[in-house]
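The values are calculated or read from the model by the stated rules, or taken from the named source; none is laboratory data. What you are looking at is a predicted structure, and each value in this text was computed from that prediction instead of being measured. Methodologically, a virtual Cβ is constructed for each residue, glycine included, from the backbone with ideal geometry; neighbour enumeration extends over all protein chains shown.
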Amino acid sequence: MKIVVTGGAGFLGSHLVDLLVETHPGAQIVVFDKLTYAGDLRNVEDAEKKTKIDVVIGDICDQSLCRRTLSKAELLIHTAAESHVDNSFGNSLEFTMTNVLGTHVLLEACRYENVPRILHVSTDEVYGEIPVGVANESSRIAPSNPYSASKAAAEMIVSGYWKSYKAPITMVRGNNIFGTRQYPEKIIPIFIMKLLNGQKLPVHGDGKHRRHYIAASDAAAAIMTVVAKGEVMSTYNFGSEEEYSNLEIAHMICAALGYDPKEWIDHVPDRPYNDIRYGVTLDRIKSLGWAPKKSVMSELPSIIAWYKQNGFRYSGFG
């Protein structure tokens, strides 16, 4: 079985590769990654110790490369994306190129190469701001920043392929994912790295914006559960009930590293627009037998230990 993981040298992609090595012994696993600033082949070193990983370095916007890479593939898991919301405000066209055009090129390549199963990873941010309550898979799409708009546009491409070609695509929308190997721009790794480098924590605005968090290993398990049991041409939310404000996350990390939050938290100007909260239902994916197993508090010590050991990877940090 040939399985292609786009963004496989990145954060979520590398955790998926780890799980695939365990659950699909003997499969040909192909990491397809552009190796931008957030991709690093060291992320799949542990997986490569257990089995041979094929690596294709290139751009998902390159149709001929996509076709060659996907030839005879039985499964594509598409995690590659520009995903940092702050960056999207200053470089939104790059997000459109990768997230929208890249997805379209991949789906065309899959169509020509007759790939029988495709899993597209989206985000809960496509629902837009949800101050109270939760969105289900049929809720209105209402993105509110360039990143989530690009992911929503990619979903429209997926929807078009469902209707026009009956393409065997399943889509998932996830909460904020945390864990080791995450580039220090997202809130948990950047706060850890800031403190490890003796820098204060920059909290946007009043810090009351809230997010749900899911561990990378749980997210990978959710994706593979949907691959195994989910319906094609269908969408599944995944995530957890664990919800924290940005300020609460800052306090948790200060406490874990022994810093006084009164001295080490700085409130900085907010984003041009910052959704106050997201929330999704998890009923559909839980009906497949999946549930998250880990929490921020249980994983924080090992995550901090990883960044203490591997922070050198981010030599330009700060």
(request) Evaluate the following for Leu19: is it under 17 Å from the mean Cα position of the chain (by Cα), surrounded by fewer than 20 Cβ atoms within 10 Å (Cβ to Cβ) and within 23 Å of Thr96 (Cβ to Cβ)? (result) no
(request) Identify all residues within segment 81-119 that are small (Gly, Ala, Ser) and surrounded by fewer than 16 Cβ atoms within 10 Å (Cβ to Cβ); write none if there are none. (result) Gly90
(request) Those residues that are in a loop (DSSP other than H, G, I, E, B) and within 17 Å of Ile3 (Cα to Cα), I need them from segment 46-75; list them, please. (result) Thr51, Lys52, Gly58, Ile60, Ser71, Lys72, Ala73, Glu74
(message) So Phe191 ticks every box in (1) more than 21 Å from Glu263 (Cα to Cα); (2) part of a helix (DSSP H, G or I); (3) of a type outside the set (Asp, Glu) but one. Which box is left unticked?
(response) (1)
(request) For segment 244-295, please list each of the helices (runs of 4 or more DSSP H) lying entirely inside it that holds at least 2 residues being loosely packed, with under 13 Cβ neighbours inside 10 Å. (result) 261-264
(request) Filter segment 133-187 for residues that are assigned to a loop (DSSP other than H, G, I, E, B) and free of Cβ contacts under 8 Å to residues at least 12 places away in the same chain and give the result. (result) Ser138
(message) So, Val100, is that one among the aliphatic types (A, V, I, L, M) and at pLDDT below 95 or not?
(response) no
(request) Only one of these is touching a residue at least 60 places away in the same chain (Cβ under 8 Å) and in contact with a Cys (Cβ under 7 Å, 6 or more places away or on another chain): Leu101, Leu107, Leu76. Name it. (result) Leu76
(message) Yes or no: segment 23-46 includes at least one residue that is more than 20 Å from the chain's Cα centre (by Cα), buried (at least 18 other Cβ atoms within 10 Å of the Cβ) and modelled with pLDDT of 95 or more.
(response) no
(message) Going residue by residue through segment 28-36, is there one that turns out to be in contact (Cβ under 8 Å) with a residue 12 or more places away in the chain, in contact with a strand residue (DSSP E or B) (Cβ under 6 Å, 6 or more places away or on another chain) and assigned to a loop (DSSP other than H, G, I, E, B)?
(response) yes
(request) Sort through Asn43, Asn87 and tell me the only one that's touching a residue at least 60 places away in the same chain (Cβ under 8 Å), in contact with a Lys or Arg (Cβ under 6 Å, 6 or more places away or on another chain) and part of a helix (DSSP H, G or I). (result) Asn43
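Residue-by-condition table, conditions (1) at pLDDT 95 or above; (2) under 20 Å from the mean Cα position of the chain (by Cα); (3) not hydrophobic (A, V, I, L, M, F, W, C):
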position: Ala222; (1), (2), (3): yes, yes, no
position: Val227; (1), (2), (3): yes, yes, no
position: Tyr236; (1), (2), (3): yes, yes, yes
position: Trp306; (1), (2), (3): yes, yes, no
position: Phe312; (1), (2), (3): no, no, no
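Yes/no per residue for (1) within 19 Å of Thr36 (Cβ to Cβ); (2) touching a Gly at 6+ places or on another chain (Cβ under 7 Å); (3) among the hydroxyl-bearing types (Ser, Thr, Tyr):
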residue: Lys151; (1), (2), (3): yes, no, no
residue: Ile157; (1), (2), (3): no, no, no
residue: Lys163; (1), (2), (3): no, no, no
residue: Ala167; (1), (2), (3): no, no, no
residue: Arg173; (1), (2), (3): no, no, no
residue: Asn176; (1), (2), (3): no, no, no
residue: Tyr183; (1), (2), (3): yes, no, yes
residue: Lys186; (1), (2), (3): yes, no, no
residue: Phe191; (1), (2), (3): no, no, no
